[in-house]
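Worksheet: the structure to be examined is printed underneath.
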């Protein structure tokens, strides 16, 4: 059977727009022609809808048009209803991105990928055990993969302070701080920019709204098909086909804005680079030594020092030879003067957008004409 006709059980974020109403939910199954989407209040059969599918580090946001083909009742006790929608793509690149994800899922199911490190935060011992067991026994993650568990937000914060994770699964109803409060704290920490976070709960719409406001990538009602979530996340262990066979070039982004760090990180990762982001100059120094980036993006206006002064030290004292770009919202004329005085390789005006940032980075690294 072709990929066109076969659906994959993947839980992707689905933003469904029906006229003036936008609902954020998730797929339960998807192909390049059909999507099954959980919806509490499905629009009538025949309704035209627009859909944005995404999942961090698996699928950049892709836009599709849809038509509701059928309503689907809950298939089992505790399950949730939804719709079956036909998909079509105006932009061939969006269709190709989804095709690549489906191929990646097939690869993940057939062979072990690289090792993953996950964090599960839930005060229920049996829920923590279900996730840990399912990942280890029923998915094809690398042999050195590990699942750390925490019973509350405080314990989770300690684990997050000590290490980096490939994904986090967080319950909302925790002792002390809620799961949504924990997510908000994670999103405010630049070192965890781009971390895929899945929120889960029995609290329904109240938990969903709190989680989405805090910045989760995906919200799932309990009970859920744990194997489907594990199958989705195991795709993180498989290299994207476009990246197989070549090492990803490393980009270091230094900026005091958590939002800009996250946006730049995600844009660079989606473009095929390995991105490291920090707002701390001490951490910048450690990343320079440990990761040896191929290019550095420096914000100009930072609390500790101006970016062009930092660039002067990198060039003159630390003998950094890789391309350095100033990255700022300052007036372009001032940016040009600062870049020239600092003897860096140029500047990027933030107002030009992330696409221009990626284009300039590619041009300096010889991956796209200047």
Report task. Could you pull out the residue among 325, 297, 314, 335 that is buried (at least 16 other Cβ atoms within 10 Å of the Cβ) and in contact (Cβ under 8 Å) with a residue 60 or more places away in the chain? Result -> 297
**Report entry** Among the candidates 129, 99, residue that is more than 20 Å from the chain's Cα centre (by Cα) and modelled with pLDDT of 85 or more
**Finding:** 129
Report task. Can you confirm whether region 260-280 contains a residue that is over 18 Å from the mean Cα position of the chain (by Cα), farther than 26 Å from residue 55 by Cα and in the same structural domain as residue 327 (by TED's automatic domain parsing)? Result -> yes
Query raised in the report: Taking region 130-153 on its own, how many of its residues are exposed (fewer than 14 other Cβ atoms within 10 Å of the Cβ) and within 12 Å of residue 226 (Cβ to Cβ)?
Result: 3
Query - Residue in region 218-226 that is at pLDDT below 90, more than 17 Å from residue 55 (Cα to Cα) and not assigned by TED's automatic domain parsing to the domain that holds residue 170 present - result: no
**Report entry** Residue within region 156-169 that is more than 22 Å from the chain's Cα centre (by Cα), in contact (Cβ under 8 Å) with a residue 12 or more places away in the chain and farther than 19 Å from residue 218 by Cβ present
**Finding:** no
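The values are calculated or read from the model by the stated rules, or taken from the named source; none is laboratory data. From a predicted model like this one, the values you see are computed outputs, not experimental measurements. Don't worry about glycine lacking a Cβ; one is built from the backbone with ideal geometry, like all the others, and counts go over all protein chains shown.
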